[in-house]
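Student: Can you keep this structure in mind? I'll have questions shortly.
What follows draws every value from the coordinates through simple rules; no lab data is involved. Only a predicted model underlies this, so the values are computations on that prediction, with no experimental measurement involved. Glycine gets a Cβ as well: all are built from the backbone with ideal geometry, and neighbour counts include every protein chain shown.
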Amino acid sequence: MCGIVGAVAERNVTPILLEGLRRLEYRGYDSAGIAVLNQNNCIDRIRRVGKVQILADALEKNPLHGVVGLAHTRWATHGVPSEKNAHPHVCNDSVVIVHNGIIENHGILRKQQKAAGFTFTSDTDTEVAVHQVEYYLKQDNDLLSAVIKAVADFEGAYALGVIATSEPGRLIATRSGSPLVIGMGLGEHFIASDASALLPVTRRFIYLHEGDIADICADSMVIYDKNGQRVERDIHESDLSADSTGKNGYRHYMLKEIHEQPTCLLDVLEGRVLNGKLSDAAFGFGALEVFDKIKSIQIIACGTSYHAGLVAKYWLEDLVGIPCRVEVASEFRYRNPVLLSDSLIVTVSQSGETADTLAALRSVKDKVSATLAICNVPESSLVRESELSLMTRAGPEIGVASTKAFTSQLLALLMLVVALGKKRGMKEQQAIALMHEALSLPTIIEKILSNKAAIEKWADAFTELNNTIFLGRGVLFPIALEGALKLKEISYIHADAYPAGELKHGPIALIEPGKPVVAVVCKDGFEDKIKSNLQEVLTRGGEIYVFVDERLDMSDLGEHCHIMALPPVSSILAPLLYAIPLQLLSYFVAVLKGTDVDQPRNLAKSVTVE
């Protein structure tokens, strides 16, 4: 969670830090702050509760000027959102720190530091970090040495940026369990939680490895690994531009990202599908040999990515005949799973830095045949620590509620299904047909997007709700789960999703006159089953809002069944299509309710802490 920005340069870094915070606000927006070393080598700091714009307004009235500085936008873990808990934190007017992660042993350190005479001004776990650095700095008179000793005392996850008045022009950065990137400029260097924060000033980045610590000045930089050895890390040239993270005329990032999905799906397939055939090189060197040995699949993910994994389970067992289990990473990592040695571990994550997914991977990677990451960030920890990877190529996703990342993950998982299927007897004709239909999806999705006004009209029925139900069956059940999650995330309406056949086993007790129920129905040969379930809702006075394949006739369900016909696709590809109208419905409900669509309360984009 949280967002870090830091800079050391030969110019005023405050505007750079503030713009970086704006671009990282999707990571946390409970409070924000900036601290710089001024021309007198003293610390100037401004912190404010709320969004970055409130901090920007304060800076208008009280400008800060310095060539070295740190900034932070916070998603609260320890300590309520307040100015005293906002970062950066300062110790004895000499050391400044910003932190992403959780210092799990902060309670023990706090007691030790109080006994040593340190005064605490916040409720955060981070304050023990700045005190610990200051403690060692007094002993060593060297900031790098002080940070190295301090982090050795920490248990948990952290990404840190540290500056001190005793060594102006020097910035120390380190990470363990939380991401941190270094931006390379001309006579200046930057740090950030995400490269997108630094796109206005550089497109050249170094991604710190686990345990790395960087000693950074304006004109030099040295990186040490977790063993204290000096190392060289690759410099990556980003193909993103500063404009790629803008709204491009859309009212919200979420709406922009919904509309980007046709292009994103084509990007997933580009260079990987040739003449309708999935390339043998799609999953990288050696992947086909690995797939030869695989006899079961274990998918591990969180949130929306977990729903993508549930869809893949249907595909893998139906089309490939290979057993597949899907589990939420935060549960998987804390039990003792029984895994076959010939299993393929598939982790799915938009950021590649999801704490629970990473921990789950690390706990089992030595017990199975191979690991595969499906991810949107090539330089992420998840990709680096997996043997195989497939990039979803969705580009930056700023809206907290995932949209294009989800459908890109689905398509990447379908490619995995085809690759494994070819190894287990899937006919080439079927594989080619699947890829051809996938190539046609962007055009079909464009038709749905052009008809979004019809979905917007439905939103009125949901704005006064306290709760609702989503129904799906088969491969569309996970899409119902995803639709319910989207509505919860951005409109704050409680929503549950059920397999339609489970309606009689409890949820039907919630149906009452006028209660809206959302359903998704494709042509899969079992549509009469779900139609009967919808009739049960109508019989009890419910209102049905159903997205249905245009080849199916639902008109006999009566006036309380509101129907939106979708273009025909196979039941296999239906999840990719039916996700779109559910995203739009949630979006329009949130807009009507006046909630913060892109930055819903209590949520942040990247869950990099437990």
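Student: Just want to confirm a number: the relative contact order over the stretch 194-305, from Cα pairs under 8 angstrom separated by 6+ residues, in percent.
Tutor: Computed value for the stretch 194-305: 17 percent relative contact order.
Student: Label Gln429 and Glu270 with points 7 Å out from Cα along Cα→Cβ: what is the distance between them in nm?
Tutor: It works out to 3.3 nm between the two label points.
Student: Using DSSP to define loop residues, name the GluC sites (Glu not before Pro) in the stretch 518-585 whose beta-carbon has at most 15 other beta-carbon atoms within 10 Å.
Tutor: Glu550, Glu559
Student: Which residues' amide hydrogens lie under 5 Å from the amide hydrogen of Leu603, considering only partners 5 or more residues apart or on another chain, with H built in the peptide plane?
Tutor: none
Student: Quick one: dipole size for the stretch 317-380, taken about the Cα centre, charges +1 on Lys/Arg Cβ and -1 on Asp/Glu Cβ, in debye to the nearest 20.
Tutor: The dipole of the stretch 317-380 has a size of about 240 debye.
Student: Can you give the FRET efficiency to the nearest 0.05 for Glu104 and Glu550, using r as the Cβ-Cβ distance and R₀ = 60 Å?
Tutor: After rounding to 0.05, the efficiency reads 0.65.
Student: Further question: Using a simple charge model, +1 on the beta-carbon of Lys and Arg, -1 on the beta-carbon of Asp and Glu, nothing else, what dipole does the chain show about its Cα centre, in debye to the nearest 20?
Tutor: Result for the chain is approximately 380 debye, rounded to the nearest 20.
Student: Can I ask one more? Just report the Cα centroid separation between the stretch 65-82 and the stretch 319-349, whole Å.
Tutor: Result: 37 Å between the Cα centres.
Student: The stretch 251-323: which GluC sites (Glu not before Pro) are DSSP loop and have at most 14 other beta-carbon atoms within 10 angstrom?
Tutor: The qualifying sites are Glu270.
Student: What does the extension gain come out to for Arg540 and Leu240, with contour length at 0.36 nm per residue minus their alpha carbon separation?
Tutor: Gain on extension, Arg540 to Leu240, equals 102.7 nm.
Student: Gain in length, Asp225 to Asp342, computed as 0.36 nm per residue apart minus the alpha-carbon separation, to one decimal in nm?
Tutor: Length gained between Asp225 and Asp342: 38.8 nm.
Student: Also, I was wondering about something else. Among the lysines, which have Cα under 18 Å from the Cα of Lys226 when same-chain residues fewer than 8 positions away are ignored?
Tutor: Lys149
Student: Could you give the length gained by full extension between Gln112 and Glu232, i.e. 0.36 nm per residue of separation minus their alpha carbon distance, to one decimal place?
Tutor: Separation in residues times 0.36 nm, less the Cα-Cα distance, equals 39.5 nm.
Student: Among the trypsin sites (Lys or Arg not before Pro) in the stretch 321-423, which ones are in a DSSP loop with at most 14 other Cβ atoms within 10 Å of the Cβ? Mind listing them?
Tutor: Arg335
Student: Normalised by the number of residues in the chain, what is the relative contact order in percent for Cα pairs under 8 Å and 6+ residues apart?
Tutor: This gives 12 percent for the chain.
Student: Would you be so kind as to identify which of Val90, His252, Met426 lies farthest towards the positive end of the dipole of the chain, taking Lys and Arg as +1 and Asp and Glu as -1 on Cβ and the Cα centre as origin?
Tutor: Ranked along the dipole, the leading option is Met426.
Student: A further question follows. Express the relative contact order of the stretch 79-180 as a whole percentage, based on alpha carbon pairs under 8 Å and six or more residues apart in sequence.
Tutor: It comes to 31 percent, rounded to a whole number.
Student: Relative to the longest principal Cα axis of the chain, at what angle does helix 527-539 sit, 0 to 90 degrees, rounded to 10?
Tutor: With rounding to tens, the tilt is 80 degrees.
Student: Name the residue from Leu24, Ala35, Leu59 whose Cα lies farthest towards the positive end of the charge dipole of the stretch 21-61, charges +1 on Cβ of Lys and Arg and -1 on Cβ of Asp and Glu.
Tutor: Leu24
Student: For Arg384, project a label point 7 Å along Cα to C-beta. Then give me every residue of the stretch 184-210 with its amide nitrogen under 20 Å of that point.
Tutor: Taking a point 7 Å out along Cα→Cβ of Arg384, the residues of the stretch 184-210 whose backbone N falls under 20 Å are 184-185, 189-199, 203-210.
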